[in-house]
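Worksheet: one structure, shown below.
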Amino acid sequence: MSLPAILQGLSIPVVCSPMFIISNPDLVIAQCKAGVVGSFPALNARPAHVLEEWLERITRELAEHNAQNPDRPAAPFAVNQIVHKSNDRLEHDLEVCARFKVPIIITSLGAREDVNAKVHEWGGIVLHDVINDKFSRKAIEKGADGLIAVAAGAGGHAGTLSPFALISEIREWFDGPLLLSGSISNGNSILAAQAAGADLAYIGSTFIATEEANADPTYKQMIVDAAASDIVYSNLFTGVHGNYLKGSIVAAGLDPDNLPESDPSKMNFGSTSSKAWRDIWGAGQGVGAVKEVLPTRDVVARLTREYQAARERLKLG
């Protein structure tokens, strides 16, 4: 299936995932100017009124870029909305996004028909995070336009299924926009995601080690130094299973090999969640491909070179 017009014309088939604390206007603007979809969680803009300031700046600077560079316009941007009941800002944040007609909304931790309908009212599209086929079907039934298959090895809230199994099951019945997340950190993996049946790759951890990312320098260096074996899968920190850097868990005084289980009912994605476990750092298993901290444009340039080289190697042009 052809992608919606808004997801066509990217420099490479990549959507950058919204990362808690990390994704800010500097990073989103740099990603979009480099030709890939930039995104951020609405909850990163704190307090709530800051969201309007962020959206004003992002839309203004991207419009200025497009006016000055008509031959290479910026990619669109996305805002992530946590749909879980603990997010007491959801209604406010959706109203702000509506005023700015945010082109892409990424929904997580729940699927709601009313949220999808509101986004469609202003002409936006909804991409929904899923970790299995059951949740995928529910999301589409409730009006999502596309799916983000979050497979094993993804940073943050990750699933446990092989990307090949997950993509295969979804493609048996869904021919709409499909993104794949999970250890994608080089151009070979981007092409592999497409070969497996996805339209676009969904990349996060690679962009933590960028100059624009709102991350502690120690966090960025830990990404550079880490390998897949340095990633720990736990639900302790948010109530939802996710992948985290072992070094940050040790630094917090915890034993990464003996973490307790969290009560999922204690999930909190509302006004106080930014304070909880803020020094526990998320990352996916693809960190081994990250070798240095670079400007975002250079990271996208590297991914582009690798992607084109992979296509040429397989004689895809």
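Worth pointing out:
- Least to most buried among Cys97, Cys16 (fewest other Cβ within 10 Å first): Cys97, Cys16
- Among the chymotrypsin sites (Phe, Trp or Tyr not before Pro) in segment 159-221, those placed in a DSSP loop whose Cβ has at most 14 other Cβ atoms within 10 Å are Trp173.
- Of all DSSP beta bridges in the chain, antiparallel share, percent nearest 5: 15
- Each peptide among 298-305, 187-194, 226-233 gets the average number of other Cβ atoms lying within 10 Å of its residues, and from highest to lowest they stand as 187-194, 298-305, 226-233.
- Projecting label points 7 angstrom from Cα along Cα→Cβ for Arg72 and Arg278 puts them 3.7 nm apart.
- Over all Cα atoms in segment 118-268, the spread is summed up by Rg and Dmax: 16.7, 48 Å.
- Qualifying chymotrypsin sites (Phe, Trp or Tyr not before Pro) for segment 30-132 [loop in DSSP, other Cβ within 10 Å: at most 16]: Trp122
- Under Karplus coefficients 6.51, -1.76 and 1.60, residue-wise ³J(HN,Hα) of segment 231-239 in Hz, glycine/proline x: 9, 10, 9, 8, 9, 4, 7, 10, x
- Rg(Cα) / (2.2 N^0.38 Å) computed for segment 1-90, rounded to two decimals: 1.13
- Relative to one another, the C-alpha centroids of segment 206-247 and segment 1-80 are positioned 22 Å apart.
- Span-like helix check, the chain: qualifying full DSSP H segments, with Cα axial length of 15 Å or more and mean Kyte-Doolittle of 0.0 or more, are 90-100.
- The residues packed around Ala215, meaning those with a beta-carbon under 13 Å from its beta-carbon, carry a net charge of -3 if Lys and Arg are +1 and Asp and Glu are -1.
- Neighbour-limited loop hits for GluC sites (Glu not before Pro), segment 114-196 (at most 13 other Cβ within 10 Å; DSSP other than H, G, I, E, B): Glu172
- Ordering of 287-296, 33-42 by packing [mean C-beta count within 10 Å, highest first]: 33-42, 287-296
No value in this document is a laboratory result; all are computed from the given coordinates. The shown structure was predicted, so the numbers you read here are calculated from the model rather than taken from an experiment. We place every Cβ from the backbone using ideal geometry, glycine too, and count neighbours over all the protein chains shown.
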